[in-house]
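Presented below is the structure to which this report refers.
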C-alpha cells in the first residue's frame with residue numbers, strides 16, 4: 001500500500017546567555033564538572049528561581065522571527081519525572097501557556113515553496129549531564145543544569161525526510177542570524193527529536209506516531225526518518241499495529257532501538273510552578289525586541305539576488321551567516337566589482353576559513369584589505385595571479401596589500417617604454433616566430449605574451465604587451 | 001477506594017516497590033485523600049478564574065550577569081556519594 005508520511009519536529013536550542021535561566025551560574029561549556037552549581041540549580045531546599053531577562057528577550061526574538069504570537073502572560077510549569085539528571089525532581093518548563101505560539105516557516109523543496117506551521121516555542125531549563133560509562137555508578141554533573149532552552153515544536157506538516165531537513169536547515173539559519181543560539185549539534189546546543197507516522201493516502205486521521213531521539217546531525221535525522229518509514233511500512237503492510245514508543249537512533253549501526261520498555265505512558269503531572277510568578281511580556285517589550293531584529297535570511301537572500309544579481313547558489317553561500325554576508329557586501333562596495341568580490345569570497349576566503357577553522361572576523365585578510373587588494377588588480381597595478389600571492393601573504397604576515405605588493409616586488413610593469421625594450425629583445429631572439437606572426441599566425445600572440453611574462457617574472461601587464469605587439473609587428 | 005491498578009501506576013511513576021499485602025491499605029488511604037480533596041467541589045466557583053498565583057503580577061526578571069557559583073567541594077558536600085568530582089548515583093541507563 002502507498003502511505004503518506006507525516007513528520008513533526010521538536011528542536012531544543014540552548015540560548016546564548018551568559019548565565020543560567022533561573023540563577024546566576026555561568027552557562028559556559030566544557031568547564032570542570034560541577035563548577036557551575038548553586039542552591040537553585042542544585043535543587044537545595046528553600047532556594048528560589050528568578051527568571052533571566054535575556055533569555056526572555058531571546059525567546060521573544062525567536063518567536064517574532066518565525067511569525068509567532070507572543071503571549072503577554074505566560075506560565076512556567078513543573079514537569080515531574082524521576083530521572084536523576086535534574087536534582088529537583090522536576091523540570092521547569094512551560095505547558096499550556098507558552099511564550100510563543102502559532103508561527104510558521106517557509107521552506108523550499110524541489111523548487112516548491114511550502115509553509116510549515118510552528119506550533120509553539122517555549123522556555124525551559126536544560127537537564128544536567130550524566131556519565132554512564134562507569135562500572136557501578138552513573139555520575140552527575142550539574143553544569144548544564146538550568147541552561148536556558150527554547151523548545152520549538154512544529155506542526156506535523158512535513159511529508160518527507162527532505163522537508164524535515166529543509167525545515168531544520170532554515171530554522172538553524174534563523175536562530176544563528178538572530179544570534180540566540182550557537183546551534184552546535186556536536187556540543188549539544190541544538191538537539192532535534194522527530195515524531196513520525198504513516199497513514200494510507202487520503203486518510204484524514206493521523207496514524208500512531210513514534211518518536212525518534214538521539215540524532216546528532218541533520219543528515220542523521222534524515223537517515224533515521226528514512227529507516228523508520230521502512231520499519232513502519234513493513235509493520236503496516238503485514239497487518240501489524242504501530243505501538244507508540246520512543247526510539248533511539250544509533251548512528252554507528254544505522255538502526256533504532258526502543259528507549260523505554262515500560263508500557264506506561266509518562267505522566268509528567270504538569271502544574272504551574274508556584275515559585276515563579278507569571279512571565280509578563282508587555283507590548284512595549286515586544287516592540288523593543290522587534291526593533292533589534294536583524295535582516296532575516298529570506299529577506300537577505302532576496303535582496304542579494306536582486307541588488308547584486310547573483311545566482312541562487314552564490315546567494316545561498318554568501319548569506320550562510322550574517323558575518324559572511326556583511327564581509328561580502330563590504331568587499332563588493334569597497335572594490336566596486338560584485339562579480340570579482342563574490343568570486344574571491346566564495347573561493348579564497350572560504351578556503352582560508354576552512355583551513356584555519358576560525359571566524360571570519362578573526363581573519364587577517366579583512367574586508368577592507370581584500371577590497372583594497374581587488375582594487376589593485378582592477379587598476380592593473382598587479383596581475384590576478386600576483387593577487388593570489390598577496391592574498392596568502394596578507395593572511396600570513398598581517399600587512400596591508402600595498403605594502404606586500406612592494407615587498408614581494410609584484411607591481412605590474414605597465415611602463416610602455418620599458419616593456420617595448422623587453423619586446424624588442426624577444427622579437428630579436430625569435431625571428432622565425434616573428435616571420436610566422438607577420439605571415440598571419442596570430443595565435444603566436446600568446447607565445448610572445450608568455451615570453452614577456454617570463455622575462456619580467458610575471459610582472460608585465462598583458463594588456464600593454466598586446467598593444468605593443470600590435471604596434472611593433474602589426 | 002482507588003483501584004489496585006492506579007496504586008501500581010503511581011508506585012511505578014514514583015519508583016517505589018510496594019508489597020502486594022500493603023496495597024489494600026494504600027488503596028484505602030489514597031481513596032480517603034481523594035474524598036478529602038473532593039470537599040472542594042462543594043464551593044461554588046462559577047465565574048471564578050483558576051488561580052495559580054497569589055502574588056500580584058509584576059516584572060520579576062533578573063539581569064543576565066554571572067555571580068559566583070559554589071566551590072566544587074561545597075557543591076558536592078550534600079551528595080551522599082561522590083566520585084571523581086561528580087555526584088555518584090545508582091546506575092541508570094537512557
For the structure I just gave you, tell me whether residue A:37 is at pLDDT 95 or above and not in a loop (DSSP other than H, G, I, E, B).
no
Quick check: is even one residue across the stretch A:211-218 away from chain B (no Cβ under 12 Å) and in a loop (DSSP other than H, G, I, E, B)?
yes
Can you give me the number of residues within the stretch A:20-34 that are assigned to a loop (DSSP other than H, G, I, E, B), within 8 Å of chain B (Cβ to nearest Cβ) and within 16 Å of residue A:129 (Cα to Cα)?
4
Of all helices (runs of 4 or more DSSP H) fully inside the stretch B:3-94, the set with 3 or more residues that are more than 7 Å from chain A (Cβ to nearest Cβ), out of contact with any strand residue (DSSP E or B) (no Cβ under 6 Å at 6 or more places or on another chain) and exposed (fewer than 10 other Cβ atoms within 10 Å of the Cβ) is B:23-38
Working carefully through the options A:181, A:189, A:219, A:197, find the one that is on the phi < 0 side of the Ramachandran plot and surrounded by fewer than 20 Cβ atoms within 10 Å (Cβ to Cβ).
A:219
The stretch A:394-440: number of residues that are surrounded by fewer than 17 Cβ atoms within 10 Å (Cβ to Cβ) and farther than 21 Å from residue A:458 by Cβ
10
Does residue A:180 count as under 28 Å from residue A:85 (Cβ atoms) and within 14 Å of chain B (Cβ to nearest Cβ)?
yes
Can you tell me which residues in the stretch A:287-324 are over 24 Å from residue A:370 (Cβ atoms), touching a residue at least 12 places away in the same chain (Cβ under 8 Å) and more than 14 Å from every other protein chain (Cβ to nearest Cβ)?
A:290, A:292, A:293, A:296, A:298
Which one of these is away from chain B (no Cβ under 14 Å), surrounded by 24 or more Cβ atoms within 10 Å (Cβ to Cβ) and at pLDDT 95 or above: A:161, A:148, A:98?
A:98
Which of the residues spanning the stretch A:98-127 are in a loop (DSSP other than H, G, I, E, B) and free of Cβ contacts under 8 Å to residues at least 60 places away in the same chain?
A:98, A:110, A:111, A:127
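The values are calculated or read from the model by the stated rules, or taken from the named source; none is laboratory data. Just so you know, these numbers come straight off a predicted model, no measurement behind them. Backbone-built Cβ (ideal geometry, glycine too); neighbour counts: all protein chains shown.
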